[in-house]
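Notes for the one structure printed next.
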Amino acid sequence: MGGIVPDLPLRLACNDYDRTRALFDGSVKPDGIGLDITRLKPRELFPRMLDHQEFDVAELSLASYTTLVARDASPFVAIPVMLSKLFRHSCIYVRRGAGIERPQDLKGKRVGTTQYGATAVVYIKGLLQDEYGVKPTDISWRQGGIEEPGRTERTPLKPIPGLDLKSVPDKALSGMLEAGELDAMFSARAPSCFVKRAPNIARLFPDYREVEKAYYKKTQMFPIMHLMGVKRHLVERHPWLPASLYKAFSEAKKYAMHDVRDINALLVTLPWLIAEAEESVALMGEDFWRYGVKENAKEIEALTRYAHEQGLVSRKLTMEDLFPPSVIEVSRI
């Protein structure tokens, strides 16, 4: 006698985004899956997943995932749920007096970064080369911790010929930038020397919003930072898993997209939230935070090309390398 098939229990971890909240509060439930959800910031979640695979489903760095796939060492299968996207022109900090007035002036300069292979830095290097002709080999790289010394690369690198990349084990990069030992810094988080408004530290693009809008108009790319990953052995056992999760995350995003345009009562603590949403729609279309493989093909192609050109992977990966067939073909929800 047949019975009801129980939901597959899965442990999921990701950041507490507006676009995931409907999953957290149960408004949206993936078909056939019972989720036990843990809210974690990426900087805590990523090492726990990469080093210990603590969760069944989790938010992952796109560059880290790409590197693992290229090494045939990924314990995860990706779902094209792009939880984190961000233009990165705002993340280039320069020291006044270093002679850096425009991107091309970065050639020959000493640039600090926490991770040469971090997704944000990979995109920055890529846009500098594509848009301004500044190659990674044009820069002297210094890798270390922003505020505390001793940070090392998370994934092994095979430096491209001519790359000047040295570790800084005994100093913090923020202090080095302020003291004149570095000329610039590429960082997803603002260094303390900028936060405290040190007079000799500034952004390379003070008007980064306008620069980023122009970049989008030209390239049609909204850079992807993070996606979702499922343990490979679970997908092999349950091939329907990626599509079910993709559909649920897409449905949850609908709630967020509605909320940022709800003029009746602002749900986000920004006085001109509606104007921001309307401007984003005018520039990027109704679905300005797109999920899906086909919908993000330009961004994925760019990241895989950058990773190859910058020596993070030995070959350029394809969509089929990164995503299972069930989510490559799935229609936008």
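The values are calculated or read from the model by the stated rules, or taken from the named source; none is laboratory data. From a predicted model like this one, the values you see are computed outputs, not experimental measurements. Cβ: placed from backbone, ideal geometry, glycine included. Neighbour counts: every protein chain shown. Remember, those area values only see protein heavy atoms, side chains included, never the ligands or the DNA or RNA. Shrake-Rupley method; radii C 1.70, N 1.55, O 1.52, S 1.80 Å.
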Criterion violated by Arg95 - all others in (1) surrounded by fewer than 23 Cβ atoms within 10 Å (Cβ to Cβ); (2) under 18 Å from Ala179 (Cβ atoms) satisfied: (1)
Given (1) farther than 30 Å from Gly150 by Cβ; (2) open to solvent by 30 Å² or more (accessible area, probe 1.4 Å), number of the condition Lys196 does not satisfy: (1)
Would you check if there is a residue in the range 117-128 being open to solvent by less than 70 Å² (accessible area, probe 1.4 Å) and more than 30 Å from Gly292 (Cβ to Cβ)? no
Residues (in a loop (DSSP other than H, G, I, E, B) and crowded, with 18+ Cβ neighbours inside 10 Å) located in the range 47-82: Phe55, Asp56, Ser74
Determine if the range 250-259 includes at least one residue that is over 30 Å from Pro161 (Cα atoms), over 23 Å from the mean Cα position of the chain (by Cα) and at pLDDT 95 or above. no
Is there any pair linking a residue in the range 208-223 that is over 22 Å from Lys294 (Cβ atoms) and touching a residue at least 60 places away in the same chain (Cβ under 8 Å) to one that is outside any helix (DSSP H, G or I) and open to solvent by 30 Å² or more (accessible area, probe 1.4 Å), with Cβ under 7 Å and at least six apart or on different chains, and which? Glu212/Phe87
Residue check, Pro136 under 30 Å from Lys218 (Cα atoms) and either in contact (Cβ under 8 Å) with a residue 40 or more places away in the chain or surrounded by fewer than 21 Cβ atoms within 10 Å (Cβ to Cβ) (or both): yes
Within the set of pairs 6 or more residues apart or between chains, which connect a residue that is on the phi < 0 side of the Ramachandran plot and among the polar types (S, T, N, Q) inside the range 247-264 to a residue that is surrounded by fewer than 17 Cβ atoms within 10 Å (Cβ to Cβ) and not in a helix (DSSP H, G or I) with Cβ atoms less than 8 Å apart? Ser250/Arg332; Ser250/Ile333
So Gly175 ticks every box in (1) farther than 30 Å from Leu12 by Cβ; (2) touching a strand residue (DSSP E or B) at 6+ places or on another chain (Cβ under 7 Å); (3) not in a loop (DSSP other than H, G, I, E, B) but one. Which box is left unticked? (2)
